[in-house]
Each structure stands twice: as C-alpha cells, then as structure tokens.
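The values are calculated or read from the model by the stated rules, or taken from the named source; none is laboratory data. Predicted model only: the values in this text are computed from it and were never measured. Don't worry about glycine lacking a Cβ; one is built from the backbone with ideal geometry, like all the others, and counts go over all protein chains shown.
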Amino acid sequence: MLDVMSCLERFAQATRTHIDLSARVKYASPAYVHVRNRFSERLTENVTCNSNGDFLTSWGYRLGSVDDIEQAAARLAYLLAALPAATTTR
C-alpha cells in the first residue's frame, strides 16, 4: 500500500529545491501540498497524491508519479514560473 503522506512530504522537499517556490504539507482530508511562487500571491497550487501514486493539481492536471518525484516537482515549477532547481557540478 502506498504511503501517501510520505510521498507528499518527498514531493514538498523536491519542490523546495526550486528557489522561487515555497511548499507546505497540509494535513487535511485529503492531505495536500500547498505550493506558491514566493514572488507572486497569485501563482499558487495545491497538489494531492492519489492511491495510484499520481501527483495531481487542484484542477486535475497530472504532474507525474511517485516513480519520479523530482520530475513532477519540476513540472509544477514550470507551471508556476519558477527558476529551475539548482544543480551540482563535479
């Protein structure tokens, strides 16, 4: 069985790697992650995770799955006009 809360917490953490975004896990029913662009009060989104492991926006757009949380977070960052996540170079 999928641990939805754990998936949402990992999604929030991946979202925070995008410097323009702020993410908070909301322990409601259903639980969700509230994400906002720090530079705009209007650029916000609530993301849930269903029992199939899909991350969904409040308007039903599928961002991705728990199999690639970083990609799902990157897709949301694009929708919220945020800068890409910082990458490390070696």
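For the reader, a short list of remarks on this structure follows.
- Checked across region 48-67, the condition of being of a type in the set (Gly, Ala, Ser), in contact (Cβ under 8 Å) with a residue 40 or more places away in the chain, in a helix (DSSP H, G or I) and in contact with a helix residue (DSSP H, G or I) (Cβ under 8 Å, 6 or more places away or on another chain) holds for no residue.
- Selection from region 29-49 of residues that are modelled with pLDDT of 95 or more and under 15 Å from Ser6 (Cβ atoms): Ala31, Tyr32, Val33, Val47, Thr48, Cys49
- Residue selected from region 15-33 under the condition free of Cβ contacts under 8 Å to residues at least 60 places away in the same chain and part of a strand (DSSP E or B), by the criterion surrounded by the fewest Cβ atoms within 10 Å (Cβ to Cβ): Arg24
- Scope region 33-54; condition aliphatic (A, V, I, L, M) and either under 9 Å from the mean Cα position of the chain (by Cα) or within 16 Å of Asp67 (Cα to Cα) (or both); matching residues: Val33, Val35, Val47
- Some residue of region 71-80 being under 22 Å from Leu2 (Cα atoms) and of a type in the set (Ser, Thr, Tyr): no
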